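**Q** Take this structure, written in structure tokens, and hold onto it; I'll ask about it next.
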Ligand SMILES: Nc1nc2c(c(=O)[nH]1)N[C@H]1C(S)=C(S)[C@@H](COP(=O)(O)O)O[C@H]1N2
Ligand SMILES: [Mo]
């Protein structure tokens, strides 16, 4: 068989480049929200193996700090969209990854259906010494000979094989190992990568590997002869029209740059519209993941993290401080909305209800994790007590912290979040009253906070004052289903 280089390879190669660049830039945006890498899921401050930030915070700091203080604002040239937009960065990442995986699947199917796999998949271990020899030749400024009857030299074939069949699946696997829903249901899957922080670190190293490959790959294409190489990359068949190939190729590259400039500008200029537009594809994906799994976490007490980060400053003002000082004696949890028997419960009444406890891992959307023991009332027990009406589809948690006062940054309103009702029925969805064997500390949500273990942290409302059952949370706040969705453009489903 004579070597061939079909047009579909050229087209899928272009799409791959297009999607990978979007993935890399949006991935860096996600990294900027927690610009530290760890190998351990306790991720204690100061124990990171890599930090892309000058700021440091100590576990023993006398001043309260929160994980949002650790976030960095990166330049839109590097990150998509840049400037502290984790919510939209994730939208871009989860939109693109679906098309990237699809491109890869089409490629792999065609590779095997057409016999092209012979050029990519080594069938003998001799590829290893042959590749070493080829690299040696490059180092002596000589071009290694192609494998007889094939389009690539041995080192090239091995590198392409590793990128397609090892690196790309590795990025998908480590990416999936960061989903709180998946990890809550299959904790063993996370352990394969050394936990969520291990997966994060490996995912980042995978990005570095893609970057290094791209640099060497482009350099060697140039070394091997640009017009010929460019023609193959753009048009497939070698020896065809060089001028056309160069014209088309440059148009394609300029097109990619223009696309990036436009979507970055659009994302920064029209944040809500970007959230909604990308949400059309991303929300069903996130919702499906949130729906599929139930948390089955069972960590041991000795897994409890020495330090548990905080996100969200406690409510300010004399009212909350006074309540905290007298142990929340006058506290009432109001439960109402679409229910048959609205109630208002004191802390003692909550403690008399059914109790449940769990040692579980918290996943903040920014990327940090921590294990703690939480106990309190299963939300299901509250649902049963008030008799939720059939029209109710969501449960909304209202909090006592006015974010305009506690956080600022141009954001405002009391914190709230909504959950679809099915998550309220999970055994590990609880209204926590205790943390690590003592009463809930103020920073972690005293007197009552939500735990829902398949979701990201922003769903777990702290300092709860009221629970409301509704048919549609769109009438609350700015209508996106939660304070972080309203004000920070996070997705409404929080399973990944
Ligand atoms: N009321 C309120 N609840 C909140 C927040 C907040 O800002 N206000 N932050 C959320 C986020 S983003 C996370 S990660 C968790 C953090 O919980 P912790 O501070 O107990 O670690 O609380 C969530 N609940
Ligand atoms: Mo968070």
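The values are calculated or read from the model by the stated rules, or taken from the named source; none is laboratory data. From a predicted model like this one, the values you see are computed outputs, not experimental measurements. Neighbour counts run over all protein chains shown; Cβ positions are idealised from the backbone, glycine included.
**Q** Which of the residues that make up the range 21-60 are over 28 Å from residue 361 (Cβ atoms) and surrounded by 20 or more Cβ atoms within 10 Å (Cβ to Cβ)?
**A** Selection gives 22, 25.
**Q** I'm told residue 62 meets every condition in (1) within 16 Å of ligand 1 (Cβ to nearest atom); (2) modelled with pLDDT under 95 except one. Can you identify the failing condition by its number?
**A** For residue 62, the failing item is (1).
**Q** Looking only at the range 391-417, how many residues end up being more than 16 Å from ligand 2 (Cβ to nearest atom) and closer than 16 Å to residue 314 by Cα?
**A** 9
**Q** Based on this model, can you work out whether residue 336 counts as surrounded by 12 or more Cβ atoms within 10 Å (Cβ to Cβ), in a loop (DSSP other than H, G, I, E, B) and in contact with a strand residue (DSSP E or B) (Cβ under 7 Å, 6 or more places away or on another chain)?
**A** Judged against the criteria, residue 336 is not a match.
**Q** Identify, by number, the condition in (1) out of contact with any strand residue (DSSP E or B) (no Cβ under 7 Å at 6 or more places or on another chain); (2) under 30 Å from residue 195 (Cα atoms) that residue 341 doesn't meet.
**A** Result: residue 341 passes all but (2).
**Q** Among the residues that make up the range 393-403, is at least one of them in a loop (DSSP other than H, G, I, E, B), within 25 Å of the chain's Cα centre (by Cα), over 21 Å from residue 34 (Cβ atoms) and modelled with pLDDT of 95 or more?
**A** Within the range 393-403 (the criterion being in a loop (DSSP other than H, G, I, E, B), within 25 Å of the chain's Cα centre (by Cα), over 21 Å from residue 34 (Cβ atoms) and modelled with pLDDT of 95 or more), the answer is no, since none of the residues qualifies.
**Q** For residue 297, only one of the following conditions fails: (1) assigned to a helix (DSSP H, G or I); (2) surrounded by 14 or more Cβ atoms within 10 Å (Cβ to Cβ). What is its number?
**A** With (1) assigned to a helix (DSSP H, G or I); (2) surrounded by 14 or more Cβ atoms within 10 Å (Cβ to Cβ) applied to residue 297, the lone miss is (1).
This table checks each residue for (1) more than 10 Å from ligand 1 (Cβ to nearest atom); (2) in the same structural domain as residue 359 (by TED's automatic domain parsing); (3) surrounded by 23 or more Cβ atoms within 10 Å (Cβ to Cβ).
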{"residue": "414", "(1), (2), (3)": "no, yes, no"}
{"residue": "418", "(1), (2), (3)": "yes, yes, yes"}
{"residue": "422", "(1), (2), (3)": "yes, yes, no"}
{"residue": "467", "(1), (2), (3)": "yes, yes, yes"}
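**Q** Among the residues of the range 230-247, how many are surrounded by fewer than 18 Cβ atoms within 10 Å (Cβ to Cβ) and assigned to a helix (DSSP H, G or I)?
**A** 5
Matching residues to (1) closer than 23 Å to residue 444 by Cα; (2) outside any helix (DSSP H, G or I):
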| residue | (1), (2) |
| --- | --- |
| 26 | no, no |
| 29 | no, no |
| 40 | yes, yes |
| 44 | yes, yes |
| 54 | no, yes |
| 73 | no, yes |
| 77 | no, yes |
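**Q** Filter the range 313-335 down to the residues that are at positive phi and touching a helix residue (DSSP H, G or I) at 6+ places or on another chain (Cβ under 7 Å) and list them by number.
**A** 328
**Q** For the range 446-465, give me each residue that is under 20 Å from the mean Cα position of the chain (by Cα) and surrounded by fewer than 24 Cβ atoms within 10 Å (Cβ to Cβ). Before the answer, list the steps.
**A** Restricting attention to the range 446-465, the residues satisfying the condition of being under 20 Å from the mean Cα position of the chain (by Cα) are 451-461.
Across the range 446-465, the qualifying residues are 457, 458.
**Q** What do you reckon, is residue 403 buried (at least 24 other Cβ atoms within 10 Å of the Cβ), near ligand 1 (Cβ under 8 Å from one of its atoms) and either within 24 Å of residue 289 (Cα to Cα) or assigned by TED's automatic domain parsing to the domain that holds residue 316 (or both)?
**A** Judged against the criteria, residue 403 is not a match.
**Q** Can you tell me which condition residue 431 does not meet? The list is (1) within 21 Å of residue 355 (Cβ to Cβ); (2) within 16 Å of ligand 2 (Cβ to nearest atom), and all the others hold.
**A** Just one mismatch for residue 431, condition (2).
**Q** If you don't mind, there's one more thing I want to ask. Taking the range 401-418, which residues are at negative phi and out of contact with any helix residue (DSSP H, G or I) (no Cβ under 6 Å at 6 or more places or on another chain)?
**A** Answer for the range 401-418, where residues must be at negative phi and out of contact with any helix residue (DSSP H, G or I) (no Cβ under 6 Å at 6 or more places or on another chain): 401, 402, 403, 404, 405, 406, 407, 414.
One line per residue, one yes/no per condition, for (1) under 24 Å from the mean Cα position of the chain (by Cα); (2) within 16 Å of ligand 1 (Cβ to nearest atom):
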residue	(1), (2)
292	yes, no
302	no, no
306	no, yes
376	no, yes
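**Q** Only one of 372, 381, 324 is touching a residue at least 24 places away in the same chain (Cβ under 8 Å), assigned to a helix (DSSP H, G or I) and within 16 Å of ligand 1 (Cβ to nearest atom); which?
**A** Values: 372 fails: assigned to a helix (DSSP H, G or I); 381 fails: within 16 Å of ligand 1 (Cβ to nearest atom).
Every option except 324 fails the conditions.
**Q** So, residue 135, is that one over 22 Å from residue 237 (Cα atoms) and either surrounded by fewer than 19 Cβ atoms within 10 Å (Cβ to Cβ) or touching a residue at least 12 places away in the same chain (Cβ under 8 Å) (or both) or not? Before the answer, list the steps.
**A** Values: over 22 Å from residue 237 (Cα atoms): yes; either surrounded by fewer than 19 Cβ atoms within 10 Å (Cβ to Cβ) or touching a residue at least 12 places away in the same chain (Cβ under 8 Å) (or both): yes.
Spelling it out, residue 135 is indeed over 22 Å from residue 237 (Cα atoms) and either surrounded by fewer than 19 Cβ atoms within 10 Å (Cβ to Cβ) or touching a residue at least 12 places away in the same chain (Cβ under 8 Å) (or both).
**Q** Something else about it: Quick one: in the range 434-451, of everything that is within 16 Å of ligand 2 (Cβ to nearest atom) and touching a residue at least 40 places away in the same chain (Cβ under 8 Å), which residue is farthest from residue 184 (Cα to Cα)?
**A** The qualifying residue farthest from residue 184 (Cα to Cα) is 443.
**Q** Is it the case that residue 485 is over 16 Å from residue 294 (Cβ atoms) and either within 15 Å of ligand 2 (Cβ to nearest atom) or buried (at least 21 other Cβ atoms within 10 Å of the Cβ) (or both)?
**A** yes
**Q** Pick out the one residue from 457, 479, 474 that is more than 15 Å from ligand 1 (Cβ to nearest atom), out of contact with any helix residue (DSSP H, G or I) (no Cβ under 8 Å at 6 or more places or on another chain) and modelled with pLDDT of 95 or more.
**A** Just a single option satisfies the conditions, and that option is 474.
**Q** While we're looking at this one, here's another question. For the condition in the same structural domain as residue 338 (by TED's automatic domain parsing), over 15 Å from residue 334 (Cα atoms), away from ligand 2 (no atom under 16 Å from the Cβ) and modelled with pLDDT of 95 or more, what is the one hit in 377, 359, 388, 383?
**A** Unique residue meeting the criteria: 359.
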